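Here's the structure, in structure tokens; my notes come after.
Values quoted throughout were computed directly from the atomic coordinates according to the rules given, and no laboratory measurement underlies them. Quick caveat: nothing in here was measured; it's all calculated off a predicted structure. Every residue, glycine as well, gets a Cβ built from its backbone with ideal geometry; the counts of neighbours run over all protein chains shown.
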Amino acid sequence: MKLSNLPLLALSLALLTGCATQGVQRNVETAVAVNKSVTEVPESQLLDVWVEVLEPGKLPEKEKQAAGLSMDIRKAEARYIAEELRATMEGTGYWGAVRMVPRGMEGGELVVAGTILQSDGARLALNIVASDASGRRWFNSNYKAEVSPSVYQLGSQRGDAFQALYNTIANDLANFLSTLTADDIIEIRRVAELRFASDLAPDAFNAYLQRDEEGSYKVVHLPSVEDPMYKRVQSIRERDLLMIDTLNGHYDNFYREMEFPYTEWRKSRSEEAAALRKLEKEANKRTWLGIAAIAGAILIGATSDGYNAGTDVLTDAMVLGGAYAIKSGMDKRSQTVIHRDAIEELGQSFSSETQPLVVEVEGKTLELTGSAETQYGQWRELLRQVYAAETGLPDAPDEGDHDTG
């Protein structure tokens, strides 16, 4: 049975034929509305979604393109943009719980990961990779959008300047979802549960799943519904999801604190870039006029003994134009620095330390410290230790710290 609540558009056909293609380019040039479910989807057919904190990517190598950008800002954007996408997906009605999580965690039914390829206020480019728990790759696409500085003016927009880009990603995900059968959905959810169980206690649950060379998972057999070990895993998984919800509270607070300075920074950065391009063009034009005037003056001077006032006028215009361009650029840059510093401070404070979280597990009160992502990593390790102690099974091997962004 196919999910029929979302019509398949011609766009989805192109998407399906390119699902196995790496880095499909999607240019978002006009306003794109987000598709929303017109009927209520049965709970059994809803996939929960994990939107991972994005990879911040790399800054431009050219000094001119990298002006005003920093890795601290990129790291802050990696959380901010992921939250924009999460909120967009949540509002469509096609999904179960849509949560934001650190990178590299096991247990998600649909995982949406990504990398920031470009972000400078005027342009945003993302690489988005969507895969479900069974290892099925939904797509790997690059999305790019460009906005004019006017979009940041008060009252000229609703929501984020790049909302059309987030809408396009959400639509592509919903389009692919509509091609899955009810059995596909059930299988994905089962695999997600077993992958979480295997991550928690590999010795007990690895045998329930088979993974092929391409990274696809298949359920070999299911644990008994009365299996006390599996029932314990399910209980722990519920607590883990509650912990993720707590983590999402941190992300939401960060988003709200960052929204104003980030919007102002993007506005100033895009205006500065547009103004500098215009001023540079004018300065270059005046420079060439000055050169032409000087060349003319030299030519006239070589053929006459009189003074050529026109050459001085054009030369003065060139100098004044260049000075104006420099001053305008410096003024705009000073505005950008104010907002950039505010964003960097927010990003640094979020990445370094958040308020310690006190948790109680099996009668023991413990304190988690560090960044929000670090605290979640500590929590996952704590769950493994608790399960191992309760069941007498060996703890999962330490695979190193998760990438927390």
### Query
With labels modelled as points extended 7 Å from the Cα through the Cβ direction, what inter-label distance (nm, one decimal) is found for Arg123 paired with His221?
5.7 nm
### Summary
For the stretch 139-205, shape from the Cα gyration tensor axes a ≥ b ≥ c, cut at a/c of 1.5 then a/b versus b/c, turns out prolate
#### Entry: DSSP beta bridges in the stretch 90-148 [antiparallel fraction, %, rounded to 5]
100 percent
### Gyration tensor (alpha-carbon) shape descriptor, the stretch 30-162, a/c threshold 1.5
oblate
### Rounded to whole Hz, the Karplus (6.51, -1.76, 1.60) HN-Hα couplings of the stretch 90-104, x for glycine and proline
4, x, 7, x, 8, 10, x, 6, 10, 10, 9, 9, x, 6, x
